[in-house]
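Let me give you the structure first, and then I'll get to my questions.
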Amino acid sequence: MSPALPPDFEWGFSTAAYQVEGAVAVDGRGKSIWDTFCHLEPSRTKGANGDVACDHYHRYEEDFELLTRYGAKTYWFSMCWSRIVPLGGRDDPVNEAGIDFYNRLIDALVRRGITPWVTLYHWDLPQALHDRYGGWLDVEESQKDFERYARVCFERFGDRVQDWITLNEPWIQSIFGYATGGNAPGRSSTNKQCTEGNSATEPWIVGKAQIMSHTRAVIAYNQDFRGKQKGRIRISLNGDFYEPWDGADDRDHAAAERTMEFHIGWFANPIFLKQDYPSCMREQLDDRLPAFTDADFAMLRAAETDFYGMNYYTSQFARHRDSPASETDYVGNLDELQQDKGGTPVGEESGLGWLRSCPGMFRKHLTRVYRLYGKPIYITENGCPCPGEDKMTRDEAIDDPFRIRYFDSHLDAICKSIQEDGAEIRGYFAWALLDNLEWSDGYGPRFGVTFTDYNTLERTPKKSALLLKNMFAERQGIKVAAS
Ligand code: PNW
């Protein structure tokens, strides 16, 4: 059989600005909602904040040296909006020192022959926009400010950056930020730690703001930059695969499909299909889901997004509920479970409760997403912490057979989805290049292929980091010299 992956299959590692950069108060950077959230008392982030994080801001050369050692072709990182436009708005000044930093980063990658790919937004909204008009809660204002920020990035970096992601995981930004309140800006009416918010309405408004922001950025790119820069643009959507809890119950089959519509269709229907939200969402949420006007639809149709960016970590079982949905339900009125009716676990436990290794369902997920939305897929995040890794010493943690198996089995799933199911899959990014701030879980869970010592900031490659190159080469039919 011919190799499953083509020789030009793109792969590399990813990170996000607030999780690794640190240097939050240097060179004119404005505050983001995560700076504020991480400094709330009592702490909502296990006492952790991104003030220093991995200090990637000052240590990027060392980190890129690792990329070279690992054989990565590509590196995917996010830019911090408030480094570039500290106050965030379309009439606010651009911070040249912030531009210089990202220029240095990009040039350092290019010098090493590593292709830089950029996410414009990974959850770190400028605090000034949140204060000025409620940030993502103002659909009209936020999309105009995001477009201007995106244009600045295309203008200043687009000569060297040809691959863009507009937004990372708008579902997590909407639901964790505005329904459960577990992420910044920490708004919720169901979470006792939160003083403000409306979980029944706000997440759906924030969803629309992000859909339209993505749309405006794509239109701007296509109209004013694509011709000259010849790049590509996408969005990264999270979402687990769901199977029915009771395979013999049609209502559980429907529940599994419904929750994938609530997680993915919410964004993918308008963006890729140019349609309203999935009908199951309209039925349950009714006019709490903001409508798309004719003008919105015209914009959605004008915004051709090249690819589907998929962040995938795990899968679950869905069990229908007989009672009516509560007003604050956001998954489609069902239970999400890690065991099916017969007690079979969905997959092997990792180092985090929500994440089990489910490569077989990953394959089904890839195939389903390709069939529904019809765009070639890039896996923009995939990875895990190993069981017990948060308590390990460095020397224990760098031996990571669980992660190696996780990568290997998930790459097999990709190959099968391509070869046997006919999906188009073009690239893969392991999350993450190095252990970093895992948001509200603080510095506990370690997703990196590189161990970060948070006292000394010393980096040490884990075994998985050095093996990925061969895992790809084998599947691409590339001969590798024995090392
Ligand atoms: C992603 N969940 O978020 C993010 O894009 C990364 O920044 C993050 O570090 C990574 O996954 C690992 O968590 C998610 O609870 C956070 O299902 C939580 C979930 C999924 C994705």
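Once you list every other residue whose beta carbon is under 10 Å from the beta carbon of Ser189, what net charge do they have if Lys and Arg are +1 and Asp and Glu are -1?
Working: positive: Arg187; negative: Glu196, Glu202, Glu327.
So the surrounding residues net to -2.
Restricting to Cα pairs below 8 Å that are 6+ residues apart, what does the relative contact order work out to for the chain? Please round to a whole percent.
Dividing the mean separation by the residue count of the chain yields 17 percent.
Can you give the relative contact order of the range 248-311 as a percent, counting alpha carbon pairs under 8 Å and 6+ residues apart?
With pairs under 8 Å counted, the relative contact order is 27 percent.
Past 20 Å, Cα to Cα, is the threshold; run Lys73/Lys479; Lys230/Lys274; Lys274/Lys364; Lys274/Lys416; Lys46/Lys208 against it and keep the listed order.
On the way: Lys73/Lys479 16 Å; Lys230/Lys274 24 Å; Lys274/Lys364 24 Å; Lys274/Lys416 29 Å; Lys46/Lys208 31 Å.
Those over the limit are Lys230/Lys274; Lys274/Lys364; Lys274/Lys416; Lys46/Lys208.
Please work out the C-alpha center-to-center distance from the range 329-384 to the range 202-272 and express it in whole Å.
16 Å
Can you list residues from other chains, or at least 5 along the same chain, whose modelled amide H is less than 5 Å from the amide H of Arg356?
Under 5 Å from the amide H of Arg356 lie the amide H atoms of Ser315, each far enough along the sequence or on another chain.
Below 17 Å, Cα to Cα, which lysines can Lys462 reach? Residues fewer than 8 away in the same chain don't count.
Cα-Cα hits under 17 Å: Lys391.
Further question: Around Gly231, under 15 Å between beta carbons, what's the net of Lys plus Arg minus Asp minus Glu among the other residues? Could you put the intermediate results ahead of the total?
Numbers: positive: Arg151, Arg156, Arg160, Arg226, Lys228, Lys230, Arg232, Arg234, Arg426; negative: Glu10, Glu155, Asp159, Asp163, Asp224, Glu304, Asp306.
So the surrounding residues net to +2.
Let me ask something else. So what is the relative contact order for the range 357-483, in percent, with contacts set as C-alpha pairs under 8 Å and at least six apart? Walk me through the numbers before you get to the answer.
On the way: 166 pairs, mean separation 36.5, N = 127.
For the range 357-483, the relative contact order is 29 percent.
Evaluate the charge dipole of the range 393-483 about its Cα centre and quote only its size in Debye, nearest 20, assuming +1 on the Cβ of each Lys and Arg and -1 on the Cβ of each Asp and Glu.
Working: 12 positive and 15 negative charges, 69 e Å.
For the range 393-483, the charge dipole is close to 320 debye.
Let me ask something additional. Simple spin-label model, 7 Å along Cα-to-Cβ: Ser43 to Asn470 in nm?
For the pair Ser43/Asn470, the computed spacing is 3.9 nm.
Express in nm, to one decimal, how much length is gained between Arg90 and Lys144 on full extension, taking 0.36 nm for each residue of separation and deducting their alpha carbon distance. It would help to have the intermediate numbers written out before the result.
Numbers: separation 54, 0.36 × 54 = 19.44 nm, distance 0.70 nm.
Residue separation times 0.36 nm, minus the Cα-Cα distance, leaves 18.7 nm.
Taking just the alpha carbons, could you work out the radius of gyration and Dmax for the chain, both in angstroms?
Rg then Dmax for the chain, in Å: 21.2, 61.
Could you tally the net charge around Lys31, taking each other residue with its Cβ under 15 Å from the Cβ of Lys31, Lys/Arg +1 and Asp/Glu -1?
Net charge in that neighbourhood comes out at -4.
Output ³J(HN,Hα) for the range 164-179: one whole-Hz value per residue in order, computed from phi by the Karplus curve 6.51 cos²θ - 1.76 cosθ + 1.60 with θ = phi - 60°, and x for Gly and Pro.
10, 10, 6, 10, 9, 6, x, 4, 5, 4, 5, 7, 6, x, 10, 10
Toward the positive end of the charge dipole of the range 310-460, about the Cα centre and with charges on Cβ (Lys, Arg +1; Asp, Glu -1), which of Trp354, Gly343, Pro387 goes farthest?
Projecting each Cα onto the dipole axis, the largest value belongs to Gly343.
Here's another thing I want to ask about it. May I ask you to derive the FRET efficiency for Glu62 and Glu196 from their Cβ-Cβ distance with R0 = 35 Å, giving the value to the nearest 0.05?
Details: r = 41 Å, r/R0 = 1.17.
Calculated value: 0.30.
Let me ask something additional. Rounded, prolate or oblate: pick one for the range 408-483, where a ≥ b ≥ c are the square roots of the eigenvalues of its C-alpha gyration tensor, a/c under 1.5 means rounded, and failing that, prolate if a/b is larger than b/c, else oblate. Kindly include the intermediate steps, with their values, before the conclusion.
Numbers: a/c = 3.94, a/b = 1.67, b/c = 2.36.
In terms of gyration-tensor shape, oblate.
A follow-up question, please. Working out 0.36 nm times the residue gap between Glu283 and Glu304, then minus their Cα-Cα distance, what length gain in nm do you get to one decimal? Kindly include the intermediate steps, with their values, before the conclusion.
Working: separation 21, 0.36 × 21 = 7.56 nm, distance 2.79 nm.
Contour length minus the Cα-Cα distance gives 4.8 nm.
When the helix-only estimate is applied to the chain (DSSP H runs of n ≥ 4, each -39,500 (n - 2.57), divided by the residue count), what is the mean residue ellipticity at 222 nm, nearest 500 deg cm²/dmol? Don't skip to the answer; put the middle values down first.
Numbers: 17 runs with 186 residues, N = 483.
Rounded to the nearest 500, the figure is -11500 deg cm²/dmol.
In whole Å, what is the distance between the alpha-carbon centres of the range 387-456 and the range 11-37?
Taking the Cα centre of the range 11-37 as reference, the centre of the range 387-456 is 21 Å away.
Bear in mind these aren't lab numbers, they're just calculated from the coordinates by the rules spelled out. These numbers come from a predicted model, not from an experiment. In this analysis, Cβ positions are derived from the backbone assuming ideal geometry, glycine residues included, and neighbour counts consider all displayed protein chains.
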